[in-house]
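A short worksheet on the structure shown next.
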Amino acid sequence: MAVVGGSAAGFYTAGLLARAGRDVRVLERAEELQPAARTLIVTSRMREMLGAAGEVAVVNEIRRFELFTDGRAATVALAKPDLIIERAKLIRGLAEQAQAAGAKVELGRRFLKLEPNGHELALAVERSRDGLQEELRAETVVGADGAVSRVAQAAGWPRQETVPLVQAIVRLPAEYPANTVRVWFVPEDTPYFYWLIPESESQGALGLIGEDGKETRRCLERFLERKGYTALGFQGARIPAYTGWVPVERRVGNGRVYLVGDAAGQVKVTTVGGIVTGFRGALGVAQAILNGGRSRELGRLRRELNLHLLIRKAIHRFEQKDYSRLVDLLNDAARESLGVHSRDEAGRVLWNICKSQPRLLLMGLRGLMTRGTVLRTRT
Ligand SMILES: Cc1cc2nc3c(=O)[nH]c(=O)nc-3n(C[C@H](O)[C@H](O)[C@H](O)COP(=O)(O)OP(=O)(O)OC[C@H]3O[C@@H](n4cnc5c(N)ncnc54)[C@H](O)[C@@H]3O)c2cc1C
């Protein structure tokens, strides 16, 4: 079988399938395995899923979130630390693990199209070295080729919506606590939020998710200036905006095509985090391939992503007064609930918050019913 896309979700899928004894080749368009460096934050669930391959990428641990809006502040302590990871190290670690399990990694191979061919699929692939086209055969193809997936397009999935994400690498002031993430809700700039993630005692990533690419970059530059930070560099790309579950499997002739990670839109739309959910999607697809279509993980992931969508819809049109009340209402019990459960357990977090602080739920429901039902995104 062929996995298209040698990045986080693709190498993880390849490793799982190769460990189960399947013959797997990974086709990656880049000629060398030098993924763009990015500072990312993930929940500790990554540690449980990846073990050693993930550990090499961990550069810092987060114990606290500080939330700010309109002169107000709230602090949430985390029972289990969140992890700051360096994406390039993570991808190399996963590639090594997949290769050690027997997967073949073929670099400089750009997937172009696929079509039915007898009991298999024929894949057209371009060699970047000399531009020559090759034809490959596989019964099963896994598309792990990111937000603008060519595999998805070739197999007939509709194009997904995306949002721009941009972050600046900044030098941290001496007094900045290296175990703390800061979040600012500024609804006139973004329906999401600004974050500052420290990757070490001296450096961090300050960014935001927006709706329009150029405007998002302008907002970030203004915010950096207001807070007195100088950008040492920028990192950014468009990432999928989850608007509903994307079925992960399609039949093409007698072959099967699956999608994992960003290609399947497996991104939490509350925070637009896609690393852990992409791994869970990869695990689900590997289970489905190995168990004749059955996967419990895919059902759990679908419920989780839908819950994040519900929360996002509720808060997407929050105005300043709503955020001010939200931060005020984050009383001790609600803060504890956010801290004890990671953001990959949205259901339990919500249930605990509802029990301890029903007014928060009421606010969310009001947001959902009055103005939050439209998720405006642009491709
Ligand atoms: C600046 C930034 C910050 C982020 N921060 C966070 C964060 O803090 N936490 C978090 O959880 N998530 C974060 N995300 C989202 C996260 O990075 C993605 O969800 C995740 O990396 C997706 O991984 P993937 O393997 O599905 O896709 P990708 O990493 O996009 O990999 C796709 C791979 O497919 C290859 N490919 C594409 N087309 C072809 C083709 N035709 N043929 C062959 N190969 C092809 C590409 O070269 C690439 O290697 C962030 C994203 C950005 C841009």
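The values are calculated or read from the model by the stated rules, or taken from the named source; none is laboratory data. Owing to the predicted nature of the structure, the values given are computational and were not obtained by experimental measurement. For neighbour counting, all protein chains shown are included, and Cβ atoms are generated from backbone atoms with ideal geometry for every residue, glycine included. Note: accessible area is taken over every heavy atom of the protein model, side chains too, but ligands, DNA and RNA are not part of it. Shrake-Rupley method; radii C 1.70, N 1.55, O 1.52, S 1.80 Å.
Entry remark, region 1-38: residues being open to solvent by less than 40 Å² (accessible area, probe 1.4 Å), in a loop (DSSP other than H, G, I, E, B) and in contact with an Asp or Glu (Cβ under 9 Å, 6 or more places away or on another chain) number 3 in total. Test of understanding: among Thr43, Thr69, which residue is near the ligand (Cβ under 9 Å from one of its atoms) and open to solvent by less than 10 Å² (accessible area, probe 1.4 Å)? Only one candidate passes the filter, namely Thr43. Report yes if Ala52 is away from the ligand (no atom under 14 Å from the Cβ) and without any contact (Cβ under 8 Å) to a residue 60 or more places away in the chain, otherwise no. For Ala52, the condition - away from the ligand (no atom under 14 Å from the Cβ) and without any contact (Cβ under 8 Å) to a residue 60 or more places away in the chain - is met. Considering every residue within region 279-287, establish whether at least one is charged (D, E, K, R) and surrounded by 20 or more Cβ atoms within 10 Å (Cβ to Cβ). Scanning region 279-287, I find at least one residue that is charged (D, E, K, R) and surrounded by 20 or more Cβ atoms within 10 Å (Cβ to Cβ), so the answer is yes.
Of all residues in region 222-250, exactly one satisfies the criterion of being open to solvent by 70 Å² or more (accessible area, probe 1.4 Å), within 14 Å of the ligand (Cβ to nearest atom) and over 28 Å from Leu283 (Cβ atoms), namely Phe234.
Scanning region 39-60 for residues that are in a loop (DSSP other than H, G, I, E, B), among the hydrophobic types (A, V, I, L, M, F, W, C) and more than 17 Å from the chain's Cα centre (by Cα) gives a single hit, Val56.
Check whether at least one residue in region 138-157 is out of contact with any helix residue (DSSP H, G or I) (no Cβ under 7 Å at 6 or more places or on another chain), at positive phi and more than 8 Å from the ligand (Cβ to nearest atom), and report yes or no. Yes; the residues of region 138-157 include at least one that is out of contact with any helix residue (DSSP H, G or I) (no Cβ under 7 Å at 6 or more places or on another chain), at positive phi and more than 8 Å from the ligand (Cβ to nearest atom). Restricting attention to region 193-203, the residues that are away from the ligand (no atom under 12 Å from the Cβ) and touching a residue at least 60 places away in the same chain (Cβ under 8 Å) add up to 2.
Filtered by the rule that a residue be open to solvent by 40 Å² or more (accessible area, probe 1.4 Å) and touching an Asp or Glu at 6+ places or on another chain (Cβ under 9 Å), region 251-263 gives Gly253, Asn254, Arg256, Asp262.
Among the conditions (1) within 12 Å of the ligand (Cβ to nearest atom); (2) assigned to a loop (DSSP other than H, G, I, E, B); (3) not acidic (Asp, Glu), Gly278 misses just one, which is (2).
Tally the residues that are at pLDDT 95 or above and small (Gly, Ala, Ser), restricting the search to region 115-130. Residues in region 115-130 being at pLDDT 95 or above and small (Gly, Ala, Ser): 2 in total.
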